[in-house]
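Below you'll find the structure, written out as structure tokens, and then a few comments.
We did not get these values from a lab; they are worked out from the coordinates using the rules stated. The structure presented is a predicted model; accordingly, all values stated were derived computationally and were not measured. Every residue, glycine among them, receives a Cβ derived from its backbone with ideal geometry; neighbour counts consider all protein chains shown.
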Amino acid sequence: MAPETPGKENQALSNLLQENRRFAPPAELAAAANVTAAAYAEADADRLGFWERVAERLTWAKRWDTTLEWNAPFAKWFVGGELNVAYNCVDRHVEAGHGDKVAYYWEGEPEGDSRVITYAELQDEVCKAANALRELGVGKGDRVAVYLPMIPELPITMLACARIGAVHSVVFGGFSSAALKSRIHDADAKLVVTADGGYRRGAPSALKPTVDEAVAESPQVEKVLVVRRTGQDVAFGDKDLWWHDVVDRQSTEHTAEPHGAEDPLYILYTSGTTGRPKGILHTTGGYLAQTAWTHDAVFDLKPETDIYWCTADIGWVTGHSYIVYGPLANGATSVIYEGTPDTPHRGRFWEIVQKYKISILYTAPTAIRTFMKWGDDIPAKFDMSSLRVLGSVGEPINPEAYVWYRANIGGDRCPVVDTWWQTETGAIMISPLPGVTHAKPGAAMRPLPGIVADVVDDQGNSVPDGGGGFLVIREPWPAMLRTIWGDDQRYIDTYWSRFDGMYFPGDGAKKDEDGDLWLLGRVDDVMLVSGHNISTTEVESALVSHPKVAEAAVVGATDPVTGQAIVSFVILRGTVEESDDIAAELRAHVAKTLGPIAKPRQILVVPELPKTRSGKIMRRLLRDVAENRSIGDVTTLADSTVMNLISEKLPSAK
Ligand code: 6R9
């Protein structure tokens, strides 16, 4: 057979792989890095031995007998081992003499509203909350729904549950009463912990009325524990109790009983595009081991000197693993910020970096693109010389956004780690290591030591370097989901049925000529244009590489000629005026960078894009717009008015 000569179309599709900028690890960081290149070889030689050494970072009440029991696709890690997660995250640091060390600097949205919580204080608060839960009849294995804003009571409640062996199910403070109700019912929660309200965009926003609606139709809920945060008026019914009445009077003494390594720790629902939300179940030992190790390795955490800030909401898995469990297990000092990045001004994040001398910052591409849109001059006003490592999570990071982040936030001296993982994986799976990897903007690079990932074709065969297909994970890992709560069959069908013996996360990926991995988003989002697979990520990255574009979302819309046609929604950078020829200019730019096949049929300039609370673009809704349908379920949108703003911009809607 003649060697394949790439036609224009094929060349177009490998545009991302032609990205040739490289960033070596800073020499000083590399010389003192927590993890070196040797870790890959060590884990390759003895994968289970590697994870055993990771688990030894934790304090076990009883060591495990068996490292892994694998009845595919059901895994049990560190079987027979016993430990207490709250003890590992809090008490052991106090016992080691670090009680005065700050666990959390909490920064409220209203300026001047802040709290400093040391490990000793956190221990007192968690013990009081654990005693309160016991008094309210919550026992080991019971489910607790948590619907709180980003206030200290949120991690305190999670740790109190972990301490007594209750299973928390945190629901985003922005979700509707219907979403909350379905999650309460699915997990059969007997207690709800909430607040009167929280601060968002400069104003108190109520939470309690939403809970009241959900609880009215949830007979299994026995009590509702309410934190007073905003002081707004709330209705108080038979089941309601104030946090300050119940928790404040409790003893600060509570003995942390050990729990089994495989006892449930929490359920976290992924919204899912169709059907019932999936309750992802995480357990105790393997989850804590892998979140702690990855937090140490990927961010090169030095707990004595680093100030770490993950800007995620705790209601997202990123907050569970990298605001609460990983950092606390490592004895880190973290910042928690309650509000939005533009309150009271668009420099709020950088003011926080300056105020707390943040050294490690972990945020999402959606935030980075918003900052690009707002302009370089805003971060330039703040002293951010304390930063040394930058992280990204949640979506593929466009190369242009990566380079902007590195230059404008990291002063071109901080490595950027693009971390790929999911609610289901529990912890970071694919990422550069800041002291090892020669990073490429837009690539998550390599599976971490101990993780066996690959890219396969639709038959499940590994693709060669330079090829693309489906991301899979070939071997079980300690923080993996154990099942979908109450539905083992759905667990098998969703993750283990597409390819025999492999976990399928639902993402597309490419291997470049060096074997490095580029994540291309959900396979559901891949477009089929005149017989060619084109990923939305590639077209979006091409658009964002144009100097006038801050953010772009691309969908495939049914087209009589090409099967699907590319429709793009773009947000322009701060200083750019919208003009008639901008669409033509951008179409030409995409054609030039990716080839004519990828040229969007339509480009619409919009003020905002529909996003979930964790910042993911909801392309499903944009597809509805592009195909002129009525817009589907918007309950998981961060801001439900966005779709109206977009519809107004549509020629067909006028
Ligand atoms: C942690 C988290 C998971 C999905 C995942 C993928 C996308 C996350 C990414 C990324 C490319 C990255 N994703 N990180 N895609 N590069 N660095 O986001 O969990 O909310 O469950 O979403 O997010 O599509 O499958 P979750």
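Annotations
- Relative contact order, percent, the range 218-274 [alpha-carbon distance under 8 Å, six or more residues apart]: 28 percent
- Each Lys and Arg contributes +1 and each Asp and Glu -1, all at the Cβ; summed about the Cα centre of the range 91-203, the dipole is approximately 480 debye.
- Projecting the Cα positions of Phe299, Ile617, Asn88 onto the charge dipole of the chain (unit charges on Cβ atoms of Lys, Arg, Asp and Glu, taken about the Cα centre) puts Ile617 furthest along the positive direction.
- Quarter the surface of the alpha carbon convex hull of the range 450-525 and you get the mean projected area, 5.4 square nanometres.
- The alpha carbon convex hull volume per residue for the chain rounds to 154 Å³.
- Unsatisfied cross-links (Cα-Cα over 19 Å) in the set Lys181/Lys616; Lys548/Lys592; Lys381/Lys611; Lys440/Lys616; Lys208/Lys239: Lys181/Lys616; Lys381/Lys611; Lys440/Lys616
- Here the range 62-144 is described by how far its Cα atoms reach on the three principal axes: 53, 32, 25 Å, from widest to narrowest.
- Restricted to Cα atoms, the range 321-371 shows a radius of gyration and a Dmax of 12.0, 34 angstrom.
- Nearest 10 degrees, 0 to 90: helix 153-164 Cα axis against the chain principal axis: 60 degrees
- For the range 127-262, taking Cα atoms only, Rg and Dmax work out to 14.2, 44 Å respectively.
- Highest average packing first - 402-411, 34-43, 136-145, Cβ atoms within 10 Å: 402-411, 136-145, 34-43
- Within the range 478-562, the GluC sites (Glu not before Pro) that combine a DSSP coil assignment with at most 12 other C-beta atoms in a 10 angstrom radius are Glu513.
- Histogrammed with a bin width of 10 Å, the alpha carbon distances of the range 107-202 distribute as 16, 44, 32, 9 percent, first bin at zero.
- Using just its DSSP H runs of length 4 or more, each adding -39500 (n - 2.57), the chain gives a mean residue ellipticity at 222 nm of -7500 deg cm²/dmol after division by all residues.
- Of the peptides 329-335, 289-295, 594-600, 485-491, the ranking by mean beta-carbon count within 10 Å, highest at the top, reads 289-295, 329-335, 594-600, 485-491.
- Dipole-positive endmost among Val126, Phe470, Leu241 within the chain (Cβ charges, Cα centre): Phe470
- Between 0 and 90°, nearest 10: helix 285-298 axis offset from the chain longest Cα axis: 50 degrees
- Evaluated at q = 0.12, 0.25 Å⁻¹: base-10 log I(q)/I(0), Debye formula over Cα of the range 44-103: -0.40, -1.04
- Nonlocal amide H pairs with Asp559, under 5 Å, H built at 1.01 Å: Gln564, Ala565
- For the range 528-621, fraction of C-alpha pairs farther apart than 15 Å, in %: 58 percent
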